Structures are given as structure tokens and as C-alpha cells.
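These notes are about the structure you will find just below.
The values are calculated or read from the model by the stated rules, or taken from the named source; none is laboratory data. What you see is a predicted model; the values in this text were computed from it and never measured. So basically every Cβ, Gly included, is an ideal-geometry build from the backbone, and we count neighbours across all protein chains shown. Heavy atoms of the whole protein, side chains included, go into the accessibility calculation; ligands, DNA and RNA do not. Shrake-Rupley method; radii C 1.70, N 1.55, O 1.52, S 1.80 Å.
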Amino acid sequence: MNIGFVGLGAMGAGIVPRLMAAGHAVTGWNRSKQKAESLIAAGMRLAPTPRAVAAASDVVFSIVTDAAAVRAVALGGDGIIAGLKKGGIYVDMSTIAPDASRAISAEFAKQGVAMLDAPISGSPVTLAQGNAAVMVGGDKAAFERIEPVLRAIGPKVTYIGASGLAVQMKIAVNLLLMVEVIAFGEAVALAYRGPFILDGKMPAIPLADVTLQQKDMLLALELGRKLGSPVPLAAAANEMMNACRGLGLDHRDFVTAHDVYRRLGGQT
């Protein structure tokens, strides 16, 4: 297939080579051309706008930071929606609010184009190892058409259901991950085994820094509010991310939360 990819950050830069290795021709776009240089050298074509990416593609993927960024690349005169032909498919892999994803999907539906929400679970390391998982929400016929493409990204591909449900599941998964990490940090600090277990284990390059992971916690808190579903552990995990910010650790991988517990417990 001719595939478009919008957003060539850490995850996008890891996905594109997998698509090309599977034999797909990829046209990409990123706000910063510098991030695309290695991909261009590997054979990816660069387009000047998301619209141009879509015009050259049967399927267009995006993975960007938040809902505002998705709307910016997807909608409008230079957006994906303006270039994607009828019969094309738009696949957003970003982690955003389910309501926002459904609203953007509705705009594509008005143009006769299917949009799928397909957030990816895993880090750049997991992706490189071929162990990433993809959850998909939206039109099932569209999903079935591109399932082989998704399996080039990661072997675990699961259709969740209607539009927005995959990203809702991703938020729940991230909530579980955050709470587990925070509980682990609390336990090892309490047992004074943190130095033995964790010293020297902090990733040199964050897989998901405090800012990025807290964005997902805020999505979980807002989703809980809308659904009337209590998420007290999410609130506690979010407060630990605030503490990381207060200590100037927000540029580090979010597992740095264990440092907060150690400092509060008088450990250096």
C-alpha cells in the first residue's frame, strides 16, 4: 500500500521503518524536518503538508501529542481530511480523549472517509523488539482492510469496538501502568531497598517522561468524571507526578516517582 505517516517523533520514527520493511511505500510529514532526515535516508518520501501526505496515500497514520495536535494535522485546508481520497482510511494512533477522537471521526465520516482510533501500547524499545500492541476502534470493515498493515507495526492487534473505545481502553491500560509504578516506588522506599533495586536503572532517554505520562493521567481523571466512575488511585498517581514537577524531575522518565518517595523518606 501507499501509506502516509504524520508525526515522526519517537514512536512515529520507530513505526515507519517497520512499514517500509513490510514493503509499503511511505510518505511522511513532521513539523520539524530534522527529525525526518534518517527516515528520508532510509527511503521515506517527505511531503510539505499533512494534506500532501494524504493525497499520496491509501491509508494515513498519525501519532502526535494531544487532541489539539490531532485536530491541527487532521482537519482544515492543509489537513489530512483535505487530501485523503474517498475510500481512504485515516488511522490516529495518538492517546487523546475518547470524545475528542469521536468528534474528529465524525468530521471524516461527513466526507465519506473512515477514521479509526488505534493507540499503540508500548515504548520505542517494545516497538523495536516487535512486541508492541495495537487496539483499534471504529468501522470494522475499515479495520479488516488494514489489519495486515497494523500487524507490520506489532503482532498484537485487537479490534475493540466502536469509535473511541480503543483510545478509552488505552487510557485504562495507562492508568494501570501508572498505579503499578507508583505503588512499586512506594513499597521499595518503605522497605529501604530502593538503592539496591533501582540505582542506575533510570533510562538515559525517557521512554515516557513525567509530562507525557501525566497527560494520560489527566485523561483518565477527566474520563472518570464524565462517566461518574471513581478513580482515586489515578488521582494519587497524578499527585506524585505533581511532586516530580515540584522537585524539577519532570524531564525524566516517569519512574522517577520513586525518587520522590526516597527523598520524602530521608534517603539520598
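Of Val26, Val53, Val60, all but one fail to be assigned to a helix (DSSP H, G or I), within 21 Å of Ala142 (Cα to Cα) and open to solvent by less than 50 Å² (accessible area, probe 1.4 Å); the exception is Val53. Once the range 159-176 is narrowed to residues that are in contact with a strand residue (DSSP E or B) (Cβ under 9 Å, 6 or more places away or on another chain) and within 18 Å of Met11 (Cβ to Cβ), the residue that is most open to solvent (accessible area, probe 1.4 Å) is Met169.
Restricting attention to the range 1-23, the residues being within 17 Å of Thr49 (Cα to Cα) and either open to solvent by 10 Å² or more (accessible area, probe 1.4 Å) or within 14 Å of the chain's Cα centre (by Cα) (or both) number 7. Gly9 meets each of the listed conditions (1) touching a Leu at 6+ places or on another chain (Cβ under 9 Å); (2) farther than 18 Å from Gly79 by Cβ apart from (1).
Scanning the range 29-44 for residues that are farther than 16 Å from Leu75 by Cα and either in a loop (DSSP other than H, G, I, E, B) or out of contact with any helix residue (DSSP H, G or I) (no Cβ under 9 Å at 6 or more places or on another chain) (or both) gives Ser32, Gln34, Glu37, Ala41, Ala42, Gly43, Met44.
Residues in the range 106-139 that are closer than 15 Å to Asp92 by Cα, over 18 Å from the mean Cα position of the chain (by Cα) and surrounded by fewer than 21 Cβ atoms within 10 Å (Cβ to Cβ): Ala106, Glu107, Ala109, Asp139.
Cβ separations smaller than 7 Å between residues 6+ apart or across chains give the following pairs from the range 140-155 residues that are open to solvent by 10 Å² or more (accessible area, probe 1.4 Å) to residues that are of a type in the set (Lys, Arg): Ala152/Arg18. So for the range 132-149 (the condition being out of contact with any helix residue (DSSP H, G or I) (no Cβ under 8 Å at 6 or more places or on another chain) and within 25 Å of Asp253 (Cβ to Cβ)), does at least one residue qualify? Checked against the condition, which is being out of contact with any helix residue (DSSP H, G or I) (no Cβ under 8 Å at 6 or more places or on another chain) and within 25 Å of Asp253 (Cβ to Cβ), the range 132-149 yields at least one hit.
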